Structures are given as C-alpha cells and as structure tokens.
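Have a look at the structure below, then the notes.
Bear in mind that the values in this text are calculations on the coordinates, not laboratory data. Note that the structure is predicted; figures quoted are calculated from it, not measured. Positions of Cβ are generated from backbone atoms using ideal geometry, with glycine treated the same way; all protein chains shown enter the neighbour counts.
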Amino acid sequence: MRTPGALLEELRGARIHVVGASGAEGLALLRFLAGDAGIEGIVAHDFSADLRAFARSFRRANTALPKDQREAELKALRRLPIELRLGEEYLAGLEQAEVILASQNWFNYPSNLPALPDAIARGARLLGVVDLAMDLFPGTRIGVTGSNGKSTTSALIRHLLTAAMPGRRVLQGGNDRNRQVTLAALRDADPSDLLIWEVSNRHLRDRPVVVDVGVLTNITRNHIEDHGSWEAYVAAKLRLVAGCPDAVLSAGDPVSMEQVEAVGGQLHLAGRDEDEGAWVEGGVVRLRHRGEVATVCDVGDFPLPGLHNRGNLLSALLACVAAGAPVARLGAAVSTISPLPGRLETVADQDGVRWIWDIQATTAPAAEAGIRAEGASRRLILLVGGDDKGMDYAGMADAAAEFAEDVFALPGSGSEAFLAALGGRVPVQREQDLDEALAHAREASRPGMAVLCSPGCAFFFSRFVDGGPGFARRVQAALA
C-alpha cells in the first residue's frame, strides 16, 4: 500500500536545486515546493543573464498561460523564498545538491553538461514534475506513452472515463500543454479521482514512471538522438509498463509484442481476442474482461478516421476497464468523441475539397497512418517538409504512392529522405514557402479530393508556420 506524499516528505530538509527555473516545469516545481509545500532553502538555476532576461525567457516558455495569468505567475515566482542563480552563476553550487529537479529535456542543453551528470554520479537524486505528480496523487494513475498516438489515446481515455464514471473526477496532465493540472491540485485530490498522464520518452529516459495502469501505444524509430540508440529508446518506453499492475499493449505493434515478457502485471492486448483483450469483429468492438465478453459499440459509431485511431480506441477502452470503468457504460460515449486539434483536423471544406491539418504527424509512421486514413475515402494532395530524425520513410512513401496524386515538398533533410523513398512514383513540386505551397495545392485540387498537411518530418511548425498566421488562416487566405 503506497503512501501519497511520501516523496514530498523525503524532500523536506534536503538540499534541493531546481534547474530551468523560467520554464513551465520549473514554474510548476517552484510554485509547489517553495510556495504550497513551504519548503525553504531551494536554489533555482536559470541560464538567463539577469532578471530582465529571466522575465523574457519565462514569457516565451509559458505561452500556454493567458497573458494576464502569465504575468501574475511571474510576479508570484519572484516573491518565492528561493535563491535564484543566473548567468555566470548558473549551476553554481550544484555539487552540493542532494536532489536535482530538472525539466524532462535537461540533457539537450549543452550548458547542463557535464555538471548535472557529474552531480548525479556523486549521489544527487534526479527528479522532475512527473515524479512528484505520481507521488502526490492519491487516486488511480493512468500513464500513456508511445511513439505515436499517445495524445489521442489520452484524450479518448479522459472522454470515456468522464462519461462512464460520472461520480468520479478525471484529471489530466503531462505533455499536452492545454491539459495541465497543478501539483497542489494533485495533492488535494480525492482517492476516488482518476489521473491521466501523457508520458514522454524523455520522462522515461533515466528512470521509470510509476503508475497503476500503463498504456504503450506503439514503439517506432523516434527520438534516437535523446537516447543514444534504438535499444535504449525501446528500454525507455518499456519502463512505463514493466512494473505497473495493469499494462495495455497494442497487438498490432510488432516491437511491443516482442517485449511482452517485460510486463510484470496483468497484460491487456488491444487488437486481440484473448483474456483481457479488445478487438473488432463483424463490424463491432468487443472486449473481454474477467472472462466475460461484451459488445461495446458498432465500429461505425467511432467518428475518428483510420485504423490507427481504431487501435487507439481499443487501447483506451482497455485502460478504462483496468481503471474500474463499467464496460456497459463505455459504448454510449464512443459516438460523442471529438478529434484533437491538429490531428487529421478539417480546417476548411470548399468547392468539394477538404483541407486537413495533421501537424502532430511529425514522424513517418504517423504521417503514413494519416495518409491511409484520409486516402481511404478520397484522393490526396500531400504537403510534407522538415527535418529528418533518422526515420524509415518506406511506409510513408508507399502510402503516398497509393493515395496521393501530387506531393508538395517544403525544404528539409526529412523531405529529401521521404522523396528518396518515394522514388518518383508521384509527381513532386518543391516549394520554399508554405503559402505558395497552399496556393499551388489549390490550383492542383479537384472536387472530391483532400489537401493533407501530414509532414512526416520534425520542426514543420516551427520552420514554416510559427511566427505568422496559423495554418487554418493561411488556408483561408489561399481560398479567398
């Protein structure tokens, strides 16, 4: 039997250093530890040169907060009883730390190296927001990870649990900036509450994340640069499900299925008809739980397109049942599910042409899933572009060859890798600017087609959209 808040009590009296004070995770940690929990003597580090630069960094890092709230949080942070070390004093005294609390991405900042690894090697304990969140929350903790589909699966679980368990509160946190919950709210939650946490590979790089129900959607080549090797990346993903009481894996993912022996608790398989599984049969979704088989809903009731989303639904259903949701109440909630923004989102439908924004498809497997989902009902014009992350583009290229009539490629090493895999099977037009690409896509489109922006590459948004109008407004301008 675990004791919620045990980790927090261990931190009291420890020499605590928080690295990345101006970031969103730094804010969450400092506001809770130094503010709500009243822990004194915390040293906070930020490589901003001075307080004015710190304020600018804070505003850039916390754009998920409304402007007024962001300014209020900045003032509150400055009033906390912490010692802030900036500029040339960045990481000064870190060798004295007993506990280092850092953002999940700390290792990608050269200024943190080798100081943090050296301190950890000397015995300092490395923690982050997720460790405190899982420690503080007294209810049922559901963790979701995977190379693709974790945000959609998390949203599906939240929707289904909210509908199927109306007497219990459902909280959500983790990678989705629009779904955040404070550490104080987690501490003050009721044991009957449920928490869904979207767990990134970086959370799992150094240590496990302890949950009651762990969901692993899939494992494909991604973020190898964060882990050093494919094997280390796979090992990181498995840390979520290896030790939890209930683990949900996708039977359709070969890499996950190679690792089933690593699961120590009850195994739930999405896509397979066996004990504690969910699958599609004869146009209906079925689920087996504790020896009983139930029909959940008709497949046609599920509004999200694509086989990949069907797999996300099966995983979400199993997670809900493992968390205690009554099977009989889940089916009615399936038809009211809405897609997440930026995930096969229709932003315009004009003159018989649908314009689809799939910005979360920044890996080749995710883009392949989007191409196949939309290509099943109409011919496509495909927009791609961005940087390569060591992807295998063969599957994405095969899907494009099958369903796309034209490819408009924006610059980037990922574009070049994809086009090499495509091998001239589809006409390609190279573009330097997103707005020109959209205008040319409009000229090439015909009624009954869709223009799909499913990049398949990293940094599409930051390179081609950020700093100007959003994608939907750019499409409207192209259609005007």
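Per the Debye calculation on the range 345-479 with a single equal scatterer at every Cα and no solvent contribution, log₁₀ I(q)/I(0) for q = 0.10 Å⁻¹ amounts to -0.25.
With the charge dipole of the range 170-233 set up from +1 on Lys and Arg Cβ and -1 on Asp and Glu Cβ about the Cα centre, the Cα lying farthest toward the positive end among the listed residues 185, 196, 230 is that of 230. If the chain linking residue 64 and residue 260 were pulled fully straight, counting 0.36 nm for each residue of separation and taking away their Cα-Cα distance, it would gain 66.8 nm. Backbone phi angles across the range 76-93, fed through the Karplus curve with coefficients 6.51, -1.76 and 1.60 (θ = phi - 60°), yield HN-Hα couplings of 5, 5, 5, 7, 5, x, 10, 9, 9, 10, 10, x, 5, 8, 4, 6, 4, x Hz in residue order; Gly and Pro are listed as x. Its relative contact order, with pairs defined as Cα atoms under 8 Å and 6+ residues apart, puts the chain at 11 percent. Dividing the mean sequence gap of close Cα pairs (under 8 Å, 6+ apart) by how many residues the range 345-479 holds gives a relative contact order of 37 percent. With N the number of residues in the range 126-184, Rg(Cα) / (2.2 N^0.38 Å) evaluates to 1.16.
The amide H of residue 85, built 1.01 Å from its N in the peptide plane, has 44, 45, 46 as neighbours under 5 Å, considering only residues 5 or more places off or on other chains.
Modelled spin-label separation between residue 425 and residue 473, with each label point placed 7 Å from Cα along the Cα-to-Cβ direction: 3.8 nm. The range 131-334 gives an Rg/Rh value of 0.94, both radii derived from C-alpha positions and Rh following Kirkwood. On a straight-distance basis, which aspartates and glutamates could pair with residue 389 in a cross-link, Cα separation under 17 angstrom, same-chain partners fewer than 8 positions away excluded? Straight-line reach from residue 389, under 17 Å: 225, 226, 231, 368, 416.
Using the alpha carbons alone, the radius of gyration of the range 331-389 stands to its Kirkwood radius in an Rg to Rh ratio of 1.01. In this simple spin-label approximation, residue 120 and residue 446 carry label points 7 Å from Cα along the Cα→Cβ vector, and these lie 5.6 nm apart.
DSSP finds beta bridges in the chain, and of those with both partners inside it, around 25 percent are antiparallel. If you take all C-alpha pairs in the chain, what percent of them are over 43 Å apart? So the pairs more than 43 Å apart make up 17 percent of the total in the chain. Ranked by how many other Cβ atoms sit within 10 Å of their own Cβ, fewest first, the residues 90, 109, 233, 393 fall in the order 109, 90, 233, 393. Ordering 22, 147 by the number of other Cβ atoms within 10 Å of each residue's own Cβ, fewest first, gives 147, 22.
Counting only alpha carbon atoms, the long axis of helix 364-375 and the longest principal axis of the chain meet at about 40°.
If R0 is 45 Å, the Cβ-Cβ spacing of residue 10 and residue 349 corresponds to a FRET efficiency of close to 0.25. For the chain, the mean residue ellipticity at 222 nm estimated from helices alone is -10000 deg cm²/dmol, where every DSSP H run of n ≥ 4 contributes -39500 (n - 2.57) and the total is divided by all residues, rounded to the nearest 500. Across the range 91-130, the fraction of Cα-Cα pairs farther apart than 15 Å, rounded to a whole number, is 34%. Suppose the Debye formula is applied to equal point scatterers at every Cα of the range 27-149; what is log10 I(q)/I(0) at q = 0.18, 0.22, 0.23 Å⁻¹? Results for the range 27-149 at q = 0.18, 0.22, 0.23 Å⁻¹ read -1.17, -1.51, -1.55.
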